[in-house]
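Trainee: Dropping the structure in here first, questions after.
The values are calculated or read from the model by the stated rules, or taken from the named source; none is laboratory data. This is a predicted model, so every value here is computed, not measured. Neighbour counts are summed over all protein chains in view; Cβ atoms, including those assigned to glycine, are modelled from backbone coordinates with ideal geometry.
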Amino acid sequence: MPVAPEPLTGEVFDSHCHLDIMVGNRQASSGDPVAQAAQAAGASVEKIVEESRAVGVTRLVTIGYDLASSRWNADVARVHRDVYAGVAIHPNEAHAATSEVLAEIEELAGEPQVRAVGETGLDYYRDWASKDDQHASFRAHIEIAKRTGKALVIHDREAHDDVLRVLAEQGAPDAVVFHSYSGDAEMAKKCAEAGYFMSFSGPVTYKNAGYLREAAQVAPKELLLVETDAPYLPPVPHRGKPNAPYLIPLIVRCLAEVKGMEAGELTAAISANGEAVFGAW
Ligand SMILES: [Zn+2]
């Protein structure tokens, strides 16, 4: 595992991680070396929470991607005070989003420690689920978020225009988060106009991702969030290793530099945004 960075002076939270994959509750899908490495490190939820807290990352939102993962994350959030959950069927699994499954997702979404419906959205990079299934599942999750009053956490991979269009057509919930924001500055303007939150992850630190730093410059600080997507997408200088929520300070410092802000000022803004999106902690 990567060494811990210098702690932040203020408190901040990780808006998107996958604790179940990190602790090996779920078999990493075959050929997924990052998840396998994370699981080999033998982490527990307690250890992850403790290591995060030690660097100023005091809250985590652990995100579901299928029914089993959503149930597990909701259970963990029920017993860990500073862990909150998101529940949904991932667009790559959209073929599994039957009405029975969606009914259970909605039931879980109603629980108080579950603060988000996600991750849902559209993924045109992978064709594991058909576009028809992905669109139907995305629209159903938007409605669940509206009925339960929870934030909508969006996975948008190479599908920017369609994600924005479906949100506009369906009517967006009050709080919308683009998880691991991957658009350019032009799209960030559109998100800002619509009041959508942009959650920046490890790639904003990558040398070849100037477009993400341009997007971060455009994104108003009132709409900024940070996340790891752990165990995936580790920030520089830890590419190739498993990611963990305790690496959030590296993303915060990169974003602060891009925004020309003090890290403390940025963490305060992000923490306030977190409560606006996910509710009072
Ligand atoms: Zn994720």
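Trainee: Being without any contact (Cβ under 8 Å) to a residue 60 or more places away in the chain and surrounded by 19 or more Cβ atoms within 10 Å (Cβ to Cβ) narrows it down to one of Val3, Val23, so name that one. Let's see the steps before the verdict.
Mentor: On the way: Val3 fails: surrounded by 19 or more Cβ atoms within 10 Å (Cβ to Cβ).
Going through Val3, Val23 in turn, just one is without any contact (Cβ under 8 Å) to a residue 60 or more places away in the chain and surrounded by 19 or more Cβ atoms within 10 Å (Cβ to Cβ): Val23.
Trainee: From the list Thr205, Thr228, exactly one residue is away from the ligand (no atom under 16 Å from the Cβ), among the polar types (S, T, N, Q) and surrounded by 19 or more Cβ atoms within 10 Å (Cβ to Cβ). Which is it?
Mentor: Numbers: Thr228 fails: away from the ligand (no atom under 16 Å from the Cβ).
Of the residues listed, the single one that is away from the ligand (no atom under 16 Å from the Cβ), among the polar types (S, T, N, Q) and surrounded by 19 or more Cβ atoms within 10 Å (Cβ to Cβ) is Thr205.
Trainee: Has the range 149-159 got at least one residue that is within 17 Å of Pro220 (Cα to Cα), within 15 Å of the ligand (Cβ to nearest atom), in contact (Cβ under 8 Å) with a residue 40 or more places away in the chain and β-branched (Val, Ile, Thr)? Full working, then the answer.
Mentor: Restricting attention to the range 149-159, the residues satisfying the condition of being within 17 Å of Pro220 (Cα to Cα) are none.
Checking the range 149-159: not a single residue is within 17 Å of Pro220 (Cα to Cα), within 15 Å of the ligand (Cβ to nearest atom), in contact (Cβ under 8 Å) with a residue 40 or more places away in the chain and β-branched (Val, Ile, Thr).
Trainee: Can we say Glu193 is outside any loop (DSSP other than H, G, I, E, B), free of Cβ contacts under 8 Å to residues at least 60 places away in the same chain, among the charged types (D, E, K, R) and in contact with a helix residue (DSSP H, G or I) (Cβ under 9 Å, 6 or more places away or on another chain)?
Mentor: Values: outside any loop (DSSP other than H, G, I, E, B): yes; free of Cβ contacts under 8 Å to residues at least 60 places away in the same chain: yes; among the charged types (D, E, K, R): yes; in contact with a helix residue (DSSP H, G or I) (Cβ under 9 Å, 6 or more places away or on another chain): no.
No.
Trainee: Name the single residue, out of those in the range 164-181 being more than 16 Å from the ligand (Cβ to nearest atom) and part of a loop (DSSP other than H, G, I, E, B), that is farthest from the chain's Cα centre (by Cα).
Mentor: For the range 164-181, the residue satisfying everything is Gly171.
Trainee: A further question on this structure: For the range 231-251, how many residues are within 15 Å of the ligand (Cβ to nearest atom) and surrounded by fewer than 24 Cβ atoms within 10 Å (Cβ to Cβ)?
Mentor: Going through the range 231-251 one residue at a time, the tally reaches 2.
Trainee: List the number of the failed condition for Thr62; all other conditions in (1) polar (S, T, N, Q); (2) within 15 Å of the ligand (Cβ to nearest atom); (3) modelled with pLDDT under 95 hold.
Mentor: (3)
Trainee: Looking only at the range 8-20, count every residue that is within 15 Å of the ligand (Cβ to nearest atom), in contact (Cβ under 8 Å) with a residue 60 or more places away in the chain and either surrounded by fewer than 24 Cβ atoms within 10 Å (Cβ to Cβ) or over 14 Å from the mean Cα position of the chain (by Cα) (or both) and tell me the total. Steps first, please.
Mentor: Of all residues in the range 8-20, those within 15 Å of the ligand (Cβ to nearest atom) come to 14-20.
With in contact (Cβ under 8 Å) with a residue 60 or more places away in the chain added as a condition, the list becomes 14-19.
Cutting the leftovers down to either surrounded by fewer than 24 Cβ atoms within 10 Å (Cβ to Cβ) or over 14 Å from the mean Cα position of the chain (by Cα) (or both) gives us none.
Residues meeting the conditions: 0.
Trainee: Right, here's the next one. Tell me yes or no: at least one residue of the range 252-260 is farther than 25 Å from Glu46 by Cα and within 16 Å of the ligand (Cβ to nearest atom).
Mentor: Applying the first criterion (farther than 25 Å from Glu46 by Cα) to the range 252-260 yields 253-260.
Now restrict to residues that are within 16 Å of the ligand (Cβ to nearest atom): none.
No; the residues of the range 252-260 include none that is farther than 25 Å from Glu46 by Cα and within 16 Å of the ligand (Cβ to nearest atom).
Trainee: Another question, then. Of these, Ala129, Ala140, Ala94, Ala116, which one is in contact with a helix residue (DSSP H, G or I) (Cβ under 9 Å, 6 or more places away or on another chain), crowded, with 19+ Cβ neighbours inside 10 Å, assigned to a loop (DSSP other than H, G, I, E, B) and in contact (Cβ under 8 Å) with a residue 12 or more places away in the chain?
Mentor: Working: Ala140 fails: assigned to a loop (DSSP other than H, G, I, E, B); Ala94 fails: assigned to a loop (DSSP other than H, G, I, E, B); Ala116 fails: assigned to a loop (DSSP other than H, G, I, E, B).
Step by step, each of Ala129, Ala140, Ala94, Ala116 is checked, and only Ala129 is in contact with a helix residue (DSSP H, G or I) (Cβ under 9 Å, 6 or more places away or on another chain), crowded, with 19+ Cβ neighbours inside 10 Å, assigned to a loop (DSSP other than H, G, I, E, B) and in contact (Cβ under 8 Å) with a residue 12 or more places away in the chain.
Trainee: Let me ask you something else. Select from the range 143-163 the residues that are crowded, with 19+ Cβ neighbours inside 10 Å and in a helix (DSSP H, G or I) and list them in ascending order.
Mentor: At the first step, the residues of the range 143-163 found to be crowded, with 19+ Cβ neighbours inside 10 Å are 144-145, 148, 150-156, 159-160, 163.
Result: Ile144, Ala145, Thr148, His160, Val163.
Trainee: Here is a check on your reading of the model: is Arg59 in contact with a helix residue (DSSP H, G or I) (Cβ under 7 Å, 6 or more places away or on another chain), basic (Lys, Arg) and buried (at least 17 other Cβ atoms within 10 Å of the Cβ)? It would help to see each step written out before you state the result.
Mentor: Working: in contact with a helix residue (DSSP H, G or I) (Cβ under 7 Å, 6 or more places away or on another chain): no; basic (Lys, Arg): yes; buried (at least 17 other Cβ atoms within 10 Å of the Cβ): yes.
So Arg59 does not fit the description; no.
Trainee: A further question follows. Sort out which residues of the range 54-91 are within 18 Å of the chain's Cα centre (by Cα), of a type in the set (Val, Ile, Thr) and part of a helix (DSSP H, G or I), and write them in order of number.
Mentor: Val76 - this is the single residue of the range 54-91 that is within 18 Å of the chain's Cα centre (by Cα), of a type in the set (Val, Ile, Thr) and part of a helix (DSSP H, G or I).
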